[in-house]
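The values are calculated or read from the model by the stated rules, or taken from the named source; none is laboratory data. This one's a predicted model, so the numbers in the text were calculated from it and none came from an experiment. Neighbour counts are summed over all protein chains in view; Cβ atoms, including those assigned to glycine, are modelled from backbone coordinates with ideal geometry.
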Amino acid sequence: MVVLLASAWVSSCTQSPHNDTVAGVEDHTNAELCDFIRDLVAIAAATTLPHFRRNVVVENKSVCGFDPVTDADRLTEDAIRAAITQRFPEHGIIGEEGGAHNPTARYQWVVDPIDGTKAFVCGLPTWATLIGLCDESGPVLGLMSQPVVGEYFIGGLGSAERVGRDGRTPLRSRNTGSLSQASLFATSPDMFSPAELSRFNKLSAVVQLTRFGVDSYAYCMLAAGFIDIVAEAGLGYYDIAALVPIVDSAGGVITDWTGEQVRGGGQVLAAANPKLHAAALVALESS
C-alpha cells in the first residue's frame, strides 16, 4: 500500500509549472535543470520505496558507533548517478555511498540517497533523498524528497516550493523575532562533541522549544514556515548541500557556526530570518 500510494503521488507531481528561459548553469536553462531534478524524485522513489518497511540487511560503516547502510542506499544512489550521467555527462557527482565522479568538473551533483538511514531501517518516514547541484560558488539548486509522506521540497534557480498530494505551496520562512519565541531542532544530541553540545545547550536554554530526531525534514519545515532554527554538527556535505538552496530561497539564512558560508559540511546553523540567525549565533558563541 505504501508503494502504491507513493507511486501515484510521484507520477502526478513531478512536472514543473515553470517555463522560463533564464540562463542557468552552463548552457542549460533554469527550467531545464529544475525539471530534471524533479524527474529524479520518481527515479529515487522507485528504488527506495520497495525496500522501506521490509527486512533489509543493515551494515555498519562505522568502527566506533553506528552508521548504517543498506542495499536501498546503494541502489538508489546508483540509479540517480546513472540518470545524471546520461543527462549531463560533463558534470561531476559526489555521493555518500559511491564517492566522487569527475571531481574536477565545474558543476557537481551532491547526492545523499537516503538521508536518515537510521529512521529508514526503523520504519519511520522522516528519511529523505537529498540532491544538490553546486557550482564554484556553492549549492545553487536543491531537492529533498520524501515519497512515503508524498512530498518534496525544491529551492534555487527561481524555485522555492513544496509539492505534495495536495498541490504546490510556495516556501516562505517565518518572521519570528526573538529566541524566546523560537523552536530549535537537531537530529540528535549524539551528533555533537562535548564542546559543541555545551554550546548547543546554551542556545537551547533561551529558546521556547527544542526537539530532536527529524533529520533533513527540520530544514524543510523551517523553509515552509513551521519552525525557526536548526543547529547541527558533524555533517557531511551530502547531508547539507541540497538543503542550502531550499533554506535560502525561502528567505532563511544558513551558515556555519561562525556565520560563514557552509563548505564541506561540519557545523551548520539555519534560521528563519536574518535577525533570528544573528541572535542564535551570539547564543552559540557564548561561554
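Quick notes
- Scanning segment 28-81 for residues that are among the basic types (Lys, Arg), in contact with a strand residue (DSSP E or B) (Cβ under 7 Å, 6 or more places away or on another chain) and part of a loop (DSSP other than H, G, I, E, B) yields a single hit, Lys61.
- For segment 217-287, the strands (runs of 3 or more DSSP E) that sit wholly inside it and include 3 or more residues that are of a type outside the set (S, T, N, Q) are 229-235, 266-271.
- Sub-7 Å Cβ pairs linking a first residue in segment 199-225 that is on the phi > 0 side of the Ramachandran plot to a second residue that is surrounded by 23 or more Cβ atoms within 10 Å (Cβ to Cβ) and part of a loop (DSSP other than H, G, I, E, B), at least 6 apart or interchain, are Gly213/Thr187; Asp215/Gly116; Asp215/Trp127; Asp215/Thr187; Gly225/Ser173, ordered by first then second residue.
- When residues in segment 177-195 are screened for being within 15 Å of Thr210 (Cβ to Cβ) and more than 22 Å from the chain's Cα centre (by Cα), 3 of them pass.
- Among residues of segment 18-38, those that are loosely packed, with under 15 Cβ neighbours inside 10 Å and modelled with pLDDT of 50 or more, counted: 2
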